[in-house]
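Step one of this worksheet: look at the structure below.
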Amino acid sequence: MTNDGTTAGAASKADGSATGSGDIARSLELLWGTGERPSRGPKPGLTLDRIVTAAVAVADTEGLAAVSMRRLSTELGAGTMSLYRYVPGKAELLDLMLDRVLGEPLPSDTDTGTGTGPADTSGAPAEPADAPADWRAAIDTMARAYLDNLRRHPWLLKINQARTVLGPSALRGLELSLTSLRTMGLRDPELIGVIITVNSFVEGLARTRADEAEAVAQTGLSDEEFWDNQRPYLERAMLSGAYPMMAGMSEDTFSPDFDHFEFGLRRLIAGFEALVAERTTERAAG
């Protein structure tokens, strides 16, 4: 019980920062298209699709905290209570928002008719059922598609997806990813590990970039101004002899021209190649 008399679960639901924190059964009904549609009462033209679209637009431009049922009612020109006839609250709405934006890379024929654009929690690339035989190309496409999605919807990095409510697109995305990676010849847990490793790498870089942009917005200092303020102290530290390794590094060590995404992705793929070769040798020996 919290100080305001609500339960911890209710507080999490009101916060809207975690998926699966609301009415899971209702979220699943909406995601899979099994829930009943309002037959009377709401403003004509108001649909679940319009509600989710408006919520995503607000989150993209102003952040997840700006999304509320009251704000959406204003955006849609409908009464707040009309929205509740379609979706119970912000926690369930978040499940549908994830369904929408994480499903964007998926083929359109996976749409269930709910208008929410089923979620793709695997970061799978937009590819046809006949996935490319080259798993290296599949990983490359998977990583780029996920990075692009996180750039377009930076609020995704602010939410807890540890217990995502899985909709049709989540499963479709995972199916596409596994199909693309099947030629690696790895065990099933290892294939899941490949997807998790790639997604974690992409999320790490995307979060760093998003944090940099947020720091500029909050402080009003550009990156150049921020580091220029520290320059005199860092130069004295380098001349002190206490940090010989750093003092001896080249001038372009921290250059923004170095592509950490390309560097890291190539190293990941090279590492997976070594694992595939190891498994191939083991099978031959066995």
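As for segment 48-60, it holds at least one residue that is assigned to a helix (DSSP H, G or I), of a type in the set (Val, Ile, Thr), closer than 15 Å to residue 27 by Cβ and touching a helix residue (DSSP H, G or I) at 6+ places or on another chain (Cβ under 7 Å). Checked against the criterion of being touching an Asp or Glu at 6+ places or on another chain (Cβ under 9 Å) and either surrounded by 13 or more Cβ atoms within 10 Å (Cβ to Cβ) or outside the structural domain of residue 144 (by the TED database) (or both), the candidates 178, 239 yield just one match: 178. For segment 200-239, the set of residues classified as in a helix (DSSP H, G or I), farther than 30 Å from residue 161 by Cα and small (Gly, Ala, Ser) consists of 237 only.
Counting only residues that are closer than 30 Å to residue 147 by Cβ and without any contact (Cβ under 8 Å) to a residue 12 or more places away in the chain, segment 257-286 holds 12 of them. Could you tell me whether any residue of segment 248-259 is in contact with a helix residue (DSSP H, G or I) (Cβ under 7 Å, 6 or more places away or on another chain) and not aromatic (Phe, Trp, Tyr)? No: segment 248-259 contains no residue that is in contact with a helix residue (DSSP H, G or I) (Cβ under 7 Å, 6 or more places away or on another chain) and not aromatic (Phe, Trp, Tyr).
Just one residue in the set 210, 285 is in contact with a Leu (Cβ under 8 Å, 6 or more places away or on another chain) and under 30 Å from residue 137 (Cβ atoms); that residue is 210.
The set of residues in segment 67-105 that are of a type in the set (A, V, I, L, M, F, W, C), more than 12 Å from residue 51 (Cβ to Cβ) and over 14 Å from the mean Cα position of the chain (by Cα) comprises 81, 91. The selection criterion, being among the polar types (S, T, N, Q), surrounded by fewer than 14 Cβ atoms within 10 Å (Cβ to Cβ) and under 23 Å from residue 148 (Cβ atoms), does not hold for residue 222.
Of the residues making up segment 249-278, just one is over 22 Å from residue 201 (Cα atoms), of a type in the set (Gly, Ala, Ser) and surrounded by 10 or more Cβ atoms within 10 Å (Cβ to Cβ), namely 277. In this entry, residue 246 passes the filter for residues that are surrounded by 10 or more Cβ atoms within 10 Å (Cβ to Cβ) and touching a Ser or Thr at 6+ places or on another chain (Cβ under 9 Å).
Taking residues in segment 225-237 that are free of Cβ contacts under 8 Å to residues at least 60 places away in the same chain, and partners anywhere that are surrounded by 12 or more Cβ atoms within 10 Å (Cβ to Cβ), the pairs with Cβ atoms closer than 8 Å and at least 6 places apart or on different chains are 226/215; 229/221; 237/243.
The values are calculated or read from the model by the stated rules, or taken from the named source; none is laboratory data. Computed from a predicted structure; not experimentally measured. We place every Cβ from the backbone using ideal geometry, glycine too, and count neighbours over all the protein chains shown.
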